[in-house]
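Chemist: Handing you a structure now.
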Amino acid sequence: MGIVTYLPRWVPLIFLSRRRLPEWLRQWLDFIPAAVLSALILPALATTGEPRHLTVFQPALLVSIPTLIFAWKTRSLAGTVIIGMALFWVAGRFFS
């Protein structure tokens, strides 16, 4: 089981560790974490219920916009978490 788990991780590391990747590939690889994070978070923010239904006025989606702007402007992780939690609490008061 360990071979199946670690072999796909180690093979690219071993073969690519001594090579210099082209700049265009390195720039492309830089977008992968943001794309994966967006793919994980957006469905939870924009949809509700089972089966999933798209709702524009979902509190989590409305709160995420000013929180994202705050995070982008200040680059403060602690401040972003505090603002996001406070806005989510306020939105819960108005939408429930």
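Chemist: Check every DSSP H run in the chain and write down those whose alpha carbon atoms cover 24 angstrom or more along the long axis and whose mean Kyte-Doolittle hydropathy is -1.0 or greater.
Modeler: Values: long enough: 77-95 (26 Å, 1.76).
Within the chain the helices that satisfy the rule are 77-95.
Chemist: What is the extension gain from Trp24 to Met1, computed as 0.36 nm multiplied by their sequence separation minus the C-alpha to C-alpha distance, in nm to one decimal? Can you show the working numbers first?
Modeler: Values: separation 23, 0.36 × 23 = 8.28 nm, distance 3.54 nm.
Result: 4.7 nm gained on full extension.
Chemist: Here is a further query. Which value in Å does the Kirkwood hydrodynamic radius of the range 2-95 take, with 1/r averaged over all unlike C-alpha pairs and then inverted?
Modeler: Details: mean 1/r = 0.0597 Å⁻¹.
After inverting the mean inverse Cα-Cα distance, the result is 16.8 Å.
Chemist: On to the next question. Rounded to the nearest 500, what is the 222 nm mean residue ellipticity of the chain from helices alone, with -39500 (n - 2.57) per DSSP H run of 4+ residues and division by all residues? Spell out each step's value before the answer.
Modeler: Values: 5 runs with 73 residues, N = 96.
That calculation yields -24500 deg cm²/dmol at 222 nm.
Chemist: Another question, if that's okay. Among Leu37, Ala86, Gln27, pick out the residue whose Cα is farthest towards the positive end of the charge dipole of the chain, where Lys and Arg carry +1 and Asp and Glu carry -1 on C-beta, about the Cα centre.
Modeler: Among Leu37, Ala86, Gln27, the one farthest towards the positive end of the dipole of the chain is Gln27.
Chemist: Between Val81 and Leu16, what FRET efficiency follows from the Cβ-Cβ distance if R0 is 35 Å, with the result rounded to 0.05? Can you show the working numbers first?
Modeler: Working: r = 35 Å, r/R0 = 1.00.
According to the calculation, E is roughly 0.50.
Chemist: With labels modelled as points extended 7 Å from the Cα through the Cβ direction, what inter-label distance (nm, one decimal) is found for Trp89 paired with Ala44?
Modeler: Result: 2.0 nm between the two label points.
Chemist: Moving on. What ranking do 39-46, 82-89, 60-67 get when scored by the average of other Cβ atoms within 10 Å per residue, highest first?
Modeler: Answer by packing, highest mean first, reads 60-67, 82-89, 39-46.
Chemist: Here is a follow-up. Charges on Cβ only, +1 for Lys and Arg, -1 for Asp and Glu, centred on the Cα centroid of the chain; of Pro59, Thr5, Phe70, which one is farthest towards the dipole's positive end?
Modeler: The residue sitting most towards the positive pole is Thr5.
Here, each number is a calculation from the coordinates, and none is a lab measurement. Computed from a predicted model, the values in this text were never measured in an experiment. So basically every Cβ, Gly included, is an ideal-geometry build from the backbone, and we count neighbours across all protein chains shown.
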